[in-house]
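Contents: one structure, followed by commentary.
The values are calculated or read from the model by the stated rules, or taken from the named source; none is laboratory data. Keep in mind that this is a model prediction, so the values were computed, not measured. Cβ placement follows ideal geometry from the backbone for every residue including glycine, while neighbour counts extend to all protein chains displayed.
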Amino acid sequence: MGDMLACLRGWHPGLALAELAALLPDATLHLETSERWIRVTGGEEKRQEEALTVASGLQCFLVDGYVASTEESTNEGWLNEMQAYLHDHPVSGSVAVRAWKQGSKLPGWSLSNLSGRLGGLLHDMGCVIDLESPDHVLALISDGPTASLACGWMVGDGQAAFSNGERRAGERPFFKPVSLDPMLARLAVNLAAGPLDRGPVVDPMTGTGGFLIEASLSGRPSVGIDIHSEMVQGAQANLAWAHDGEAPTHARVVRGDATRLADSLPENWHGGVAGFVLDPPYGRNSHGSMAADHLLESCLQSARGIAHPDGGFVLILPIHPLKDHTTSPLPLDHDFALLNGEWSAVRSMIERCGWTPQSAHVERVHRSLSRLILHARCAPQD
């Protein structure tokens, strides 16, 4: 694909960028004017194509996407630059222009007017205009917060990317109120496991199977484990439901112990699990008399013993909301106010188990609750 401009969803740009970096480990990512526009250079074309298919935070790529400040340009000057872009990036087949905005409108800049002018340029170049089903789409995106425009030939589905409405937790046959939104579940899987070819995914405390559903729909070999028979049966029903009533062959749910993961997994997975995703069931005792902190530590120790050398995990913990919410990554030494335990103790425990924390993000749930999304990777072993 060459150099690309990645356009991220606005739900949580910081997490979307972390997900993209995990899926494209060999590429160089550079933040453009907007936190939702990322310049991608290098890396494997196959992985860019896979990212478009599986990522929850990626809207599309723009081929060599052109970014301009509306405060430093005029409509006519910008159109001249786009005319040069179109001459340098010719396409064959029918075309259309699609435009959308991020945030507020740009004073003095009309997307509908610019779209029409771009359509005129394409027509003058001999392109066939097809507004219904074009072979190529020229995307035009405005970003209100940074007063900038991005434009380029689009690869991917744009605003239609990652439709999850039909998979929302409340639509599943087996539902619990604490179930994660599919968008966050998919992102957590991708952030933990990285590229599709790295290896399988394990959810040690699968509950209703949200992570497992998203991993399996991505085509990843995956196993969900739970100690409670009710959860195993419910997750199995949800997994089959997500695959149109038939249980997939590459994903399954088993009854097992999160502190003895190797016992529940195929032997050829030992040392090759690419990602672990954990949303521990805090607020209820899920392992008999075992305390929640000891359960988590035993689980992470067990996971480290069967992880791929480049393996990772994502851990989601409930916290009190930040005073000033942000979608940017937060420093690992930030004093997160966990609902259960102390963050410094949890971080030390993670490192003691052989993992190195990589990044921490916060998602706001409601006024009195947020989630800490922690990404960690295997620490090198002596």
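Okay, here's what the table says:
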read-out: Residue match in the stretch 305-319 (condition: within 22 Å of P13 (Cβ to Cβ) and in contact with a Lys or Arg (Cβ under 6 Å, 6 or more places away or on another chain)); value: yes
read-out: Complete set of residues in the stretch 63-96 that are among the β-branched types (V, I, T) and within 21 Å of G108 (Cβ to Cβ); value: V67, T70, T74
read-out: Criterion violated by T327 - all others in (1) under 19 Å from A192 (Cβ atoms); (2) of a type outside the set (K, R); (3) under 20 Å from the mean Cα position of the chain (by Cα) satisfied; value: (1)
read-out: Identity of the residue in the stretch 93-140, of a type in the set (G, A, S) and farther than 28 Å from P13 by Cα, that ends up farthest from the chain's Cα centre (by Cα); value: G126
read-out: Candidate set: the stretch 296-326, residues that are of a type in the set (G, A, S) and assigned to a helix (DSSP H, G or I); chosen: the one surrounded by the most Cβ atoms within 10 Å (Cβ to Cβ); value: A303
read-out: Selected residue [farther than 22 Å from A274 by Cβ and touching a Lys or Arg at 6+ places or on another chain (Cβ under 7 Å)] from E32, E81, E72; value: E32
read-out: Members of the stretch 173-211 found to be surrounded by fewer than 22 Cβ atoms within 10 Å (Cβ to Cβ) and over 21 Å from E49 (Cα atoms), listed by number; value: P173, F174, F175, K176, P177, V178, S179, L180, D181
read-out: A235 in the same structural domain as C353 (by TED's automatic domain parsing), among the hydrophobic types (A, V, I, L, M, F, W, C) and closer than 26 Å to R9 by Cβ; value: no
read-out: Strands (runs of 3 or more DSSP E) completely within the stretch 68-169 that count 3 or more residues being aliphatic (A, V, I, L, M), loosely packed, with under 14 Cβ neighbours inside 10 Å and at pLDDT below 95; value: none
read-out: Failed condition for A51, given (1) under 24 Å from G219 (Cβ atoms); (2) over 18 Å from the mean Cα position of the chain (by Cα); value: (2)
read-out: Search result, residues across the stretch 233-254 that are of a type in the set (A, V, I, L, M, F, W, C) and either within 24 Å of the chain's Cα centre (by Cα) or closer than 20 Å to S302 by Cα (or both); value: A235, L239, A240, W241, A242, A251, V253, V254
read-out: Filter result for the condition that a residue is over 20 Å from A185 (Cβ atoms), at pLDDT 95 or above and touching a His at 6+ places or on another chain (Cβ under 7 Å), over G256, G272; value: G272
read-out: Residue within the stretch 249-268 that is buried (at least 22 other Cβ atoms within 10 Å of the Cβ), in the same structural domain as D197 (by TED's automatic domain parsing) and over 18 Å from F174 (Cα atoms) present; value: yes
read-out: Search result, residues across the stretch 331-349 that are part of a helix (DSSP H, G or I) and surrounded by 20 or more Cβ atoms within 10 Å (Cβ to Cβ); value: V346
read-out: Positions within the stretch 323-382 being small (G, A, S) and either in contact with an Asp or Glu (Cβ under 7 Å, 6 or more places away or on another chain) or on the phi < 0 side of the Ramachandran plot (or both), in sequence order; value: S328, A337, G341, S344, A345, S348, S359, A360, S368, S370, A376, A379
